[in-house]
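Since the structure comes first, as structure tokens, the remarks are kept for the end.
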Amino acid sequence: MEIKVYKGDLTQEKADLLVVGHFSDAKSLEGPVAAVDTAMGGRLSRLMKDDGFKAKLASTFLTHTNGEIAAKRVLVVGLGKKDEVNLEAVRQAAAVAVNVAKECGAKIMVSEHHVPGELKAGDCAQAMVEGARLADYSFSRYKKPSQKSPKLFAIVTNDGKILRSSEKGLELGELAARGVVFARDLVNTPAHDMHPETLVDMAKSIAKGKSSIRVRVFDREALKRMGAGGILGVAQGSDHPPYLVHMTYKPKKPTKKSIALVGKAVTFDSGGLSLKPADYMMTMKCDMAGAAAVLGAFSVIADLAPGVEVHGIFGAVENMPSGGAIRPGDVLTAMNKKTMEVLNTDAEGRLTLADTLSYAAKLKPAFIVDLATLTGACVVALGEEITGVMSNDDKVASQTLDAAAAAGEKMWRLPLEKNYKKVIKSQIADLQNIGNKWGGALTAGLFLEEFVDKTPWAHLDIAGPAFAEREIDPYTHKGATGHGVRTLLALLRSL
Ligand code: BES
Ligand code: ZN
Ligand code: ZN
């Protein structure tokens with residue numbers, strides 16, 4: 001699907017599907033939808049009225065034009081209430097239009113450039129591209145997509161100023177979508193085709209031919225020398241060896257300031273000897289979604305070209321039960337020398353992150369952001385669509401939450417309650433890897449805090465939003481979502 005913005009008159013466009021927006025509280029048709037209605041002799045508004053079309057956000061009204069205008073069909077997309085309209089509404093409107101275009105097999109799709117209310121044309125163009133590209137996504141490695149994508153998605157405006165200010169937005173939208181799609185493909189890939197080694201290859205392929213990105217890879221022998229007991233311990237039960245991957249992006253103008261992005265990279269989480277029940281194991285190929293988000297961001301970082309140095313770090317492992325696997329009761333020593341009693345081998349993410357965060361903290365970045373499908377408890381707390389943010393630093397927390405809000409990803413801060421540290425104190429080691437029954441997302445966050453060495457840090461528990469078990473919205477279909485990538489890109493842009 002090619003996406004472009006150009007100047008034109010919607011009523012003259014030869015499209016298979018013409019898309020216009022409409023507000024639920026508009027007294028009469030306004031702007032492009034009114035122009036199309038007039039060109040159709042008022043038939044469009046009569047039909048909308050007859051059908052009781054309410055224009056609720058992302059609702060649709062589709063009709064043939066009977067040759068009254070150049071386009072074959074008109075799709076009216078609901079934008080919701082005028083004073084509630086935001087970039088997310090624009091993103092969803094574009095997404096729903098692409099979904100309808102695919103259903104009716106439209107090859108050429110032309111849409112009004114939605115720039116409602118006080119929104120900026122560039123931001124709207126970006127949101128439309130993101131919505132369209134992500135709605136169009138399907139995972140096609142093992143079967144052909146059942147629907148064809150439109151050949152062209154043209155965003156048309158008759159306003160020269162809007163056109164000019166859309167260029168950059170178009171570019172940013174393409175960039176963000178490319179990063180998200182990269183992450184979705186990695187997460188959707190089943191674990192038999194996605195081993196720790198595969199993630200290493202992905203990091204290398206991202207860096208290939210780009211002078212601004214370097215990759216260092218630490219194998220099992222190197223990890224032993226570094227004392228990465230968490231990563232080594234979790235990997236013990238798997239036939240696939242672990243790796244620690246460290247990517248570095250350096251901006252053209254050298255800077256002292258660097259930040260670190262860390263991702264959980266468990267290519268499959270069976271639970272280990274604390275084996276998961278079958279129902280819970282079904283989607284556990286998604287347990288490397290944190291690293292996938294970091295890789296997704298790195299896949300476009302050279303084009304985004306932020307002005308700070310960025311480290312991307314993950315410890316890739318597979319969590320399997322076997323004769324060699326770690327046992328409940330075993331004690332592991334992390335890279336920062338803290339000892340961890342493994343009471344449940346299914347709480348493996350924090351064991352690997354213990355090393356990865358220790359490694360990141362040693363680089364002395366201005367701050368660390370980690371993304372991890374860490375706890376089912378976070379999904380219980382916030383549901384499937386919202387990421388839990390835990391942080392030891394109010395500024396980093398709000399920077400992260402602001403970036404998420406700008407990117408249209410739902411995140412909510414949870415507390416790192418000091419008094420709960422008691423429940424992760426071990427009888428025989430510095431820490432134990434599970435708390436009690438309650439507040440599991442928070443005790444996991446507190447566990448991680450032990451390894452960042454006071455570096456300002458935000459932990460994003462993406463266990464809910466990383467993988468959609470149902471249709472979430474018009475551009476988030478079932479399967480991997482690529483959640484986190486857009487927030488990371490917005491964060492990098494804000495620095
Ligand atoms: N990978 C899981 C968490 C998870 C759950 C991710 C649902 C995505 C969706 C993690 O390794 C895990 O198993 N956590 C345990 C921790 C518990 C044993 C303390 C959990 O949440 O049950
Ligand atoms: Zn687990
Ligand atoms: Zn896990």
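Residues that are without any contact (Cβ under 8 Å) to a residue 24 or more places away in the chain and either more than 13 Å from ligand 3 (Cβ to nearest atom) or under 13 Å from LEU488 (Cα atoms) (or both) within the range 260-293 comprise PRO277, ALA278, ASP279, MET282, listed in sequence order. If we scan the range 243-259, do we find a residue that is away from ligand 3 (no atom under 14 Å from the Cβ), surrounded by fewer than 19 Cβ atoms within 10 Å (Cβ to Cβ), more than 30 Å from PRO365 (Cα to Cα) and in contact (Cβ under 8 Å) with a residue 12 or more places away in the chain? No.
Okay, residues lined up against (1) open to solvent by less than 60 Å² (accessible area, probe 1.4 Å); (2) under 15 Å from the mean Cα position of the chain (by Cα); (3) over 30 Å from LEU244 (Cα atoms):
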| residue | (1), (2), (3) |
| --- | --- |
| ARG133 | yes, yes, yes |
| LEU152 | yes, no, yes |
| LYS161 | no, no, yes |
| ALA177 | yes, yes, no |
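Just so you know, in the range 92-115 the residues that are under 23 Å from ALA407 (Cβ atoms) and open to solvent by 10 Å² or more (accessible area, probe 1.4 Å) include one that is modelled with the lowest pLDDT, and it is VAL115. Could you list all residues from the range 452-477 that are hydroxyl-bearing (Ser, Thr, Tyr) and either crowded, with 24+ Cβ neighbours inside 10 Å or in contact with a Lys or Arg (Cβ under 8 Å, 6 or more places away or on another chain) (or both)? THR455, TYR475, listed by residue number. Of all the numbered requirements in (1) open to solvent by less than 20 Å² (accessible area, probe 1.4 Å); (2) out of contact with any strand residue (DSSP E or B) (no Cβ under 9 Å at 6 or more places or on another chain), ALA406 misses one, and that requirement is (1). Looking only at the range 355-388, residues that are farther than 17 Å from GLU409 by Cα and within 16 Å of ligand 3 (Cβ to nearest atom) come to 8 in all. When the helices (runs of 4 or more DSSP H) confined to the range 261-378 are screened for residues that are crowded, with 19+ Cβ neighbours inside 10 Å, within 10 Å of ligand 1 (Cβ to nearest atom) and in the same structural domain as GLY445 (by TED's automatic domain parsing), those reaching at least 3 such residues are found at 349-362. Just checking, does the range 10-20 include any residue being in contact (Cβ under 8 Å) with a residue 24 or more places away in the chain and over 24 Å from GLY105 (Cβ atoms)? No, because not a single residue in the range 10-20 is in contact (Cβ under 8 Å) with a residue 24 or more places away in the chain and over 24 Å from GLY105 (Cβ atoms).
Test ASP123 against the criterion of being farther than 26 Å from VAL181 by Cα, open to solvent by 20 Å² or more (accessible area, probe 1.4 Å) and without any contact (Cβ under 8 Å) to a residue 60 or more places away in the chain, and give yes or no. Here the answer is no, as ASP123 does not meet what is asked.
Of the candidates ALA265, ALA292, the single residue that is within 16 Å of ligand 2 (Cβ to nearest atom), under 24 Å from the mean Cα position of the chain (by Cα) and closer than 21 Å to TYR359 by Cβ is ALA265.
When VAL100, VAL85, VAL74 are checked against the criterion of being within 15 Å of ASP123 (Cβ to Cβ) and touching a Leu at 6+ places or on another chain (Cβ under 7 Å), VAL85 stands alone in meeting it.
If you go through the range 402-423 and keep only what is more than 14 Å from the chain's Cα centre (by Cα) and either of a type in the set (D, E, K, R) or under 28 Å from ILE472 (Cα atoms) (or both), you end up with ASP402, TRP412, ARG413, LEU414, PRO415, GLU417, LYS418, LYS421, LYS422. The condition of being among the acidic types (Asp, Glu) and more than 30 Å from VAL129 (Cα to Cα) holds for GLU450.
Filtering the range 220-237 to residues that are part of a loop (DSSP other than H, G, I, E, B) and either away from ligand 3 (no atom under 14 Å from the Cβ) or open to solvent by 10 Å² or more (accessible area, probe 1.4 Å) (or both) leaves GLY227, ALA228, GLN236.
Taken over the range 478-495, the residue count meeting the criterion of being more than 14 Å from GLU409 (Cα to Cα) and open to solvent by less than 20 Å² (accessible area, probe 1.4 Å) is 3. The residues on offer are ALA89, ALA55, ALA94, and the sole one that is on the phi > 0 side of the Ramachandran plot and in contact with a Gly (Cβ under 9 Å, 6 or more places away or on another chain) is ALA55.
The values are calculated or read from the model by the stated rules, or taken from the named source; none is laboratory data. Everything numeric here is computed off the predicted structure, so don't read it as measured data. Glycine also receives a Cβ, built like all others from the backbone with ideal geometry; neighbour counts cover every protein chain displayed. Protein only, heavy atoms only, side chains kept; ligands, DNA and RNA dropped before computing areas. Shrake-Rupley method; radii C 1.70, N 1.55, O 1.52, S 1.80 Å.
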